[in-house]
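S.K.: Below are the structure tokens for one structure; questions will follow.
Each value in this text was obtained by applying a stated rule to the coordinates, not by laboratory testing. Quantities reported herein were computed from a predicted structural model and do not represent experimental measurements. Heads up, the Cβs are rebuilt from the backbone with ideal geometry, glycines too, and the neighbour counts pull from every protein chain shown.
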Amino acid sequence: MENRYLREAQKNADQIIAHRRDFHKHAELGFNEFRTAERIAAYLQSLDLEVQTGIAQTGVVGLLRCVEAGKTAALRADIDALPMQEKNDSSYASVNEGVMHACGHDGHTAMLMETARLLASNAQNLRGNVKFIFQPCEDMIPSGAEPMIEEGVLKNPDVEGIFTVHVSTGHPEGTLWVKPEYISISSAGFKCTFAGQGGHVSSPHQVIDPIMMAGMLITSSQTLMLKRSAPGTPMIFAFGTIHGGTADNIVPDEVTLTGSIRTATPQELRESIEAFKRIVAGIAQSVGGEYSLDIELQNPSIYNDPDMVSLLKSAGAKVMGADKVFEYSQIRTGGDDAAFFQQKIPGVYWVLGVQNEAKGFDKPHHNAYFDFDDANLALGAAVQAQAVTDFLTKDTG
């Protein structure tokens, strides 16, 4: 028998897609999602929800109070776009120069708006409360999750479980992917500057070469850092930028490198950072140079509560069929600041497949040609609504 939430969402598919494409066309960067927030708030108000705006600058929260008292669930969607120039020529391509929804947050936002509609229309049959959290600035550091938490989005009423979905063009459309316990990596960014003594390239004995130090770091760190991880354990160590020098016959005084360290768990990240510090210090000392090293912790690993995972998988099977529900065998190497919410309360972060190669929807995230099959958003909204319904009714007699 067809799931009632799926049936209702599919009836409203045109509006869901229209919302998503409107957000895509008018993409806004983190903490500047003013138009986006205004439209979200207006829609939630039309559903007679209690609405708060201006949380963490541009965040929006809707609260649904059901007829009977009970637990409180939350769902979270990120609403920001990326600082990229879109290269698609679709009718809904971004009109804002240098700003693009290249990670699917427009879809997350439209899905959560539809989930709010589905649950609001069924509130008379539910008990408890539901918070709909529309978070600004997920894709930049510092991000919006921690400020929202600090401003009390998980309080009044106190949230007992949270759900977050992310679309993926790396998975076939209409599939659900999840993993208990750790599902994403922990990450840190670094900026390392080597300082030496510049001079003419014809007099290497009179200089302390920071370019050589940078080269030593790139080669040695790749080997030493990656050997720290056990076979099958994800670890990424990558350099993103390197800057130094002004001419081909001048040894510069300094060179600066930036990059990222990503590990499976917070503990492994702490250990890797300490190892990296020793490598940098050893290189500078070996050639008589100096260094400065700044390391910024970014997103911790997302921990999925096993009971919440089981509940989500059950809800997914009810909506899309058990044959469409899959469990990752390994941790995902991407990160998300949803981790901060799930450090506070039990939660589940899951992935909705939106890949459709026949339509050309298979470009990777953060690509200038990224797009996805938004016909799947009704399915995602229905899964979210079913999961929250099951959460609110579980163990309530």
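S.K.: For residue 99, which sequence-distant residues (separation of 5 or more, or a different chain) have an amide H within less than 5 Å of its own amide H, given hydrogens modelled in the peptide plane?
M.R.: 84, 86
S.K.: Follow-up. Below 11 angstrom from the Cβ of residue 306, what's the summed charge of the other residues (Lys, Arg +1; Asp, Glu -1)?
M.R.: Spelling it out: positives minus negatives among the neighbours equals -1.
S.K.: Here's another thing I want to ask about it. Under the Karplus relation 6.51 cos²θ - 1.76 cosθ + 1.60, θ = phi - 60°, what is the ordered set of whole-Hz ³J(HN,Hα) values for region 212-221, x standing for Gly and Pro?
M.R.: 5, 4, 4, x, 4, 5, 4, 6, 6, 5
S.K.: Could you derive backbone 3J(HN,Hα) for region 81-88 from the dihedral phi with the Karplus parameters 6.51, -1.76 and 1.60 (θ = phi - 60°), listing whole Hz in sequence and x where the residue is Gly or Pro?
M.R.: Rounded to whole hertz, the list is 10, 10, x, 9, 8, 6, 10, 6.
S.K.: Using a 10 Å cut-off around each Cβ, can you sort 91, 310, 184 from fewest to most neighbouring Cβ atoms?
M.R.: Placing the least packed residue first, the sequence is 91, 310, 184.
S.K.: How far is helix 377-393 tilted, in degrees, relative to the longest principal axis of the Cα atoms in the chain, given as a value from 0 to 90 rounded to the nearest 10?
M.R.: Relative to the chain, helix 377-393 is tipped by roughly 70 degrees.
S.K.: Same structure, new question: What ranking, highest mean first, results for peptides 252-259, 371-378, 66-73 when packing means the other Cβ atoms within 10 Å averaged over each residue?
M.R.: My ranking of the peptides, most packed first, is 371-378, 252-259, 66-73.
S.K.: Note down the relative contact order for the chain as a percent, whole number, built from C-alpha pairs under 8 angstrom at least six residues apart.
M.R.: 24 percent
S.K.: Evaluate the distance, in nm, between pseudo-label points positioned 7 Å from the Cα of residue 11 and of residue 297 along their respective Cα→Cβ axes.
M.R.: 4.8 nm
S.K.: To continue, here is another question. Using only Cα atoms and rounding to the nearest 10 degrees, what angle (0 to 90) does helix 34-46 make with the longest principal axis of the chain?
M.R.: 20 degrees
S.K.: Suppose a student asked you for the relative contact order of region 274-397, using Cα pairs under 8 Å spaced at least 6 residues apart; what percent would you report?
M.R.: Over region 274-397, the number comes to 27 percent.
S.K.: Hey, what angle do you get for helix 13-25 against the long axis of the chain, alpha-carbon based, 0 to 90 degrees rounded to 10?
M.R.: 30 degrees
S.K.: So, by mean Cβ neighbours within 10 angstrom, what's the order for 112-120, 137-145, 231-239 with the highest one leading?
M.R.: 112-120, 137-145, 231-239
S.K.: In addition: Stretched out fully, how many nm does the piece from residue 97 to residue 249 gain, at 0.36 nm a residue minus the Cα gap?
M.R.: Contour length minus Cα-Cα distance gives 50.8 nm.
S.K.: Here's another thing I want to ask about it. For region 1-82, what does the relative contact order come out to in percent, with C-alpha contacts under 8 Å and a separation of six or more?
M.R.: After rounding, I find 28 percent.
S.K.: How about region 265-294: which trypsin sites (Lys or Arg not before Pro) there are in a DSSP loop, with at most 10 other Cβ atoms within 10 Å of their Cβ?
M.R.: Hits after loop and neighbour filter: nothing returned.
S.K.: For residue 31, which sequence-distant residues (separation of 5 or more, or a different chain) have an amide H within less than 5 Å of its own amide H, given hydrogens modelled in the peptide plane?
M.R.: Amide H neighbours of residue 31, under 5 Å, 5+ apart: 137.
S.K.: How much of the DSSP bridge set in the chain is antiparallel, in percent, rounded to the nearest 5?
M.R.: Around 65 percent antiparallel, to the nearest 5.
S.K.: Amide H to amide H under 5 Å from residue 171: which residues, 5+ apart in sequence or cross-chain, H placed 1.01 Å off N in plane?
M.R.: 354, 355
S.K.: How far apart, in nm, are two points set 7 Å out from the Cα along the Cα-to-Cβ line at residue 34 and at residue 65?
M.R.: For the pair residue 34/residue 65, the computed spacing is 3.2 nm.
S.K.: Can you tally the net charge around residue 354? Count Lys and Arg as +1, Asp and Glu as -1, for every other residue whose Cβ sits under 9 Å from the Cβ of residue 354.
M.R.: -3
S.K.: Shifting gears a bit: Between residue 226 and residue 273, with labels modelled 7 Å along Cα→Cβ, what's the label distance in nm to one decimal, could you check?
M.R.: In this crude label model, residue 226 to residue 273 measures out at 2.4 nm.
S.K.: Per residue of region 109-115, what does 6.51 cos²θ - 1.76 cosθ + 1.60 with θ = phi - 60° give for ³J(HN,Hα)? Whole Hz please, x for Gly and Pro, Karplus curve as stated.
M.R.: 3J(HN,Hα) across region 109-115, in whole Hz: 5, 5, 4, 5, 4, 5, 4.
S.K.: Turning to a different aspect of this structure: Nearest 500 deg cm²/dmol is fine: what mean residue ellipticity at 222 nm does the chain get from its DSSP H runs of n ≥ 4 alone, each adding -39,500 (n - 2.57), divided by its residue count?
M.R.: Computed mean residue ellipticity for the chain: -11000 deg cm²/dmol.
S.K.: I need the calculated FRET efficiency for the pair residue 48 and residue 219, taking r as the beta carbon distance and R₀ as 51 Å, to the nearest 0.05.
M.R.: E(calc), rounded to 0.05, equals 0.25.
S.K.: Any of 191/363; 11/363; 324/363; 25/363 with alpha carbons more than 25 Å apart? Name them for me.
M.R.: 191/363; 11/363
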